[in-house]
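As structure tokens, the structure follows; a few thoughts come after it.
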Amino acid sequence: MAASLASVSVAQSAKLVSVTAAAGVPEGADFQVKPMGYAYGVTLHFFVTGENMISFDKESLEADGWELGPFPKVGDDGTQGSFSIHKKGDFLGKVDAVKAEGSVVVFTGKETKTVTQKLKVGDKALEMGPYKVNAGKSKSMFGGEGVTVVGEIEKIKEIKVTQNGKELDQQGSSWSGKSKTFNIGNLKGEVEVKLVYWPTLTKSKVSFSK
């Protein structure tokens with residue numbers, strides 16, 4: 001995450017809420033019969049509360065011998081989040097002796113900016129604040145159809161698309177690099193896009209231990 005970042009500040013510590021351990025399955029075991037969510041080693045799950053949280057920096061983990069687990073999450077209202085850390089090894093029956101101490105960074109943001117623009121479906125991208133936006137077929141690696149935004153997509157809070165005064169339903173989103181498509185099928189004619197984003201993000205360090 002590049003420009004418009006304030007210096008790192010220290011946030012509250014995370015709370016350990018779950019510990020899971022998995023021993024190795026036999027070599028050559030069929031993927032289909034492995035336990036749901038299986039990951040060889042020990043996984044520690046942490047819960048975080050705060051204000052104005054947006055997302056976790058996936059490259060920020062500082063903890064010797066550990067790696068950040070998949071899909072760290074922050075709730076829509078920015079007050080709750082969760083993440084996990086993982087270490088490979090046979091810790092089954094030994095989790096009480098597992099020790100971990102470190103930190104991870106969460107991005108926070110307060111003031112937002114809103115830009116609104118009418119777009120013709122299928123036309124070239126137009127500038128909306130610091131972003132380039134177009135409606136129609138996506139050219140990203142995932143394809144899809146909807147409204148595509150190119151820029152610092154991690155700073156986007158929300159997008160609303162209306163046509164003839166009616167807000168159109170979104171069916172999730174997909175992204176690749178600096179391009180994110182908000183999926184909306186059967187787009188035709190002209191639409192109005194409202195884009196809300198954080199111009200400045202702050203890095204807050206969250207500590208954890210077990």
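The values are calculated or read from the model by the stated rules, or taken from the named source; none is laboratory data. Treat the numbers as computed from the prediction; the structure is a model and nothing was measured. Note: ideal-geometry Cβ built from the backbone for every residue, glycine included; neighbour counts use all protein chains shown. These accessible areas exclude ligands, DNA and RNA; they are computed on the full protein's heavy atoms, side chains included. Shrake-Rupley method; radii C 1.70, N 1.55, O 1.52, S 1.80 Å.
Values for this structure:
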| item | result |
| --- | --- |
| Qualifying residue in region 184-203 (condition: closer than 23 Å to residue 78 by Cα and either touching a His at 6+ places or on another chain (Cβ under 9 Å) or small (Gly, Ala, Ser) (or both)) | no |
| Residue 210 among the basic types (Lys, Arg), open to solvent by less than 70 Å² (accessible area, probe 1.4 Å) and farther than 30 Å from residue 99 by Cα | no |
| Restricting region 14-38 to residues that are at pLDDT 85 or above and assigned to a loop (DSSP other than H, G, I, E, B), the residue that is least open to solvent (accessible area, probe 1.4 Å) | 14 |
| Enumeration of residues in region 169-197 that are in a strand (DSSP E or B) and either hydroxyl-bearing (Ser, Thr, Tyr) or surrounded by fewer than 13 Cβ atoms within 10 Å (Cβ to Cβ) (or both) | 173, 174, 176, 179, 181, 197 |
| Candidate set: region 39-55, residues that are touching a residue at least 40 places away in the same chain (Cβ under 8 Å) and polar (S, T, N, Q); chosen: the one surrounded by the fewest Cβ atoms within 10 Å (Cβ to Cβ) | 52 |
| Any chance residue 18 is hydroxyl-bearing (Ser, Thr, Tyr) and under 30 Å from residue 158 (Cα atoms) | no |
